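The values are calculated or read from the model by the stated rules, or taken from the named source; none is laboratory data. Keep in mind it's a predicted model, so treat the numbers as computed, not measured. Please note: Cβ atoms are built from the backbone with ideal geometry, for glycine as well, and neighbour counts cover all protein chains shown. Note: accessible area is taken over every heavy atom of the protein model, side chains too, but ligands, DNA and RNA are not part of it. Shrake-Rupley method; radii C 1.70, N 1.55, O 1.52, S 1.80 Å.
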Amino acid sequence: MAATPMDLSEGLRAATTLVSQLEDRVSGSLSARHASVIDECRARLALWPQLYTRSLVPLSETLAPARGLCLRVMQFNVLADGLSGSDPTKGGFTSVPPACLDWELRKFRILEEILRADPDVLCLEELDHYYDWAQPVFEALGYASAYIKKPKSPCLKNTGGRLEDGCAVFVRAALFEIERVEAGPLVTKEGTPQNQVSLTAWLRVRATGRTIVTVVAHLKADKTAEGESIRAEQIDCLLARIESQCPPSPVVLLCLDMNAAPRDSSKYAALAYQKVLDHHMHLESAYGPPNTAAEPEYTTWKVRGAEETPTPRADAPGELFDEAQKGAATPVSRLGEAKHTIDYIFYTKASARVRALWTIPGEDQVVATRLPGFEYPSDHFALLAVIEVLDAADAHATS
């Protein structure tokens, strides 16, 4: 019989080894408790293939040794159970093996993916098993947390009112105290509440007393010009609210499933991503310039209800033609395939810098049925950045 979430929680509570808050977060090894739980997760899924290989790569060999606090910051849309395995239609993921959507199995793979990243700050979207799973399990692993559900989660309809998804922040309790939390619906420029949510947590670093403002949000999903316009308004209002409540020279970490690409598509201009970069809080993307040449080619890659092999567009790698474009030079192949860059970790460049990034699995690694699958538990890849919070003198020098 499979262990219940609370059975697993009780097992985890027996572990006692804490990660030192002074450990080098770039090269430090996994804590003993995380490693033991990863072993347990792998044992539960012994017949499954291994997770895709990922590496934590230093940004530059020329970076000076860290003088500030180095944090492992993780952003992860975990794929709601109510939008996949517990949905009678399986969320449209009909080409993947059904067992990989079974929450009682998939939850172990999600936990394995998170714990092998060993995050200090963890931001999750589409979480619909917070109270019955994530909160008790991660509390046992030494994390404090906060959560907000969507006002009208689509999971409600799919599961007969049983599940509701939302956003959560988990932080290593040995490093941080959560001083206060503000959470609620995202709004448009007219102040109209939307069904998407954000959560802002003010974190006090126990060793220094410094405040780090951490934000998680999940923006409107519609991949249309109207949807992008609403996302741009949501970002404007979210950033204005954050700025109005921040201390001088803030350290801000902004983790988003923004549902917005960094570049224009063939259908509409990219607005929301640029809104973040243009804001006068001076935010940078951990995975984007100047840390890298460009954002990743994709952070999500999925197929819904399609059977043929995909043919990429010749004029826009990573995009596929839709039904209306069948007469174009490159024919439609898999109408249900979506390959986008829509997940981000932003930070205030005057007060922090990126030291290392977790690689995104390459196209040659991803199986033909794409995400999710046995090899990965969500339709989004998790992002992880090692971010150094600069001390006051270094922050002043970079501003």
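Some observations on this one:
- Of all the residues in region 246-258, those that are under 14 Å from the mean Cα position of the chain (by Cα) and either open to solvent by 10 Å² or more (accessible area, probe 1.4 Å) or farther than 13 Å from residue 343 by Cα (or both) number 1.
- Residue within region 369-383 that is over 30 Å from residue 49 (Cα atoms), at pLDDT 95 or above and in a loop (DSSP other than H, G, I, E, B) present: no
- From the list 194, 234, the one residue that fits, being over 26 Å from residue 387 (Cβ atoms), polar (S, T, N, Q) and open to solvent by less than 40 Å² (accessible area, probe 1.4 Å), is 194.
- Within region 82-123, if we keep just the residues that are closer than 24 Å to residue 254 by Cα and touching a helix residue (DSSP H, G or I) at 6+ places or on another chain (Cβ under 7 Å), the residue that is most open to solvent (accessible area, probe 1.4 Å) turns out to be 116.
- Here residue 202 clears all of (1) in a helix (DSSP H, G or I); (2) among the aromatic types (Phe, Trp, Tyr); (3) open to solvent by less than 30 Å² (accessible area, probe 1.4 Å) except the condition numbered (1).
- Those residues of region 62-112 which are over 19 Å from residue 124 (Cβ atoms) and of a type in the set (Val, Ile, Thr), in sequence order: 62, 89, 94, 96
- For region 66-90, the tally of residues that are modelled with pLDDT under 95 and either closer than 23 Å to residue 45 by Cα or in contact with a Leu (Cβ under 7 Å, 6 or more places away or on another chain) (or both) stands at 1.
- Region 211-224, residues that are surrounded by fewer than 17 Cβ atoms within 10 Å (Cβ to Cβ) and touching a helix residue (DSSP H, G or I) at 6+ places or on another chain (Cβ under 9 Å): 221, 222
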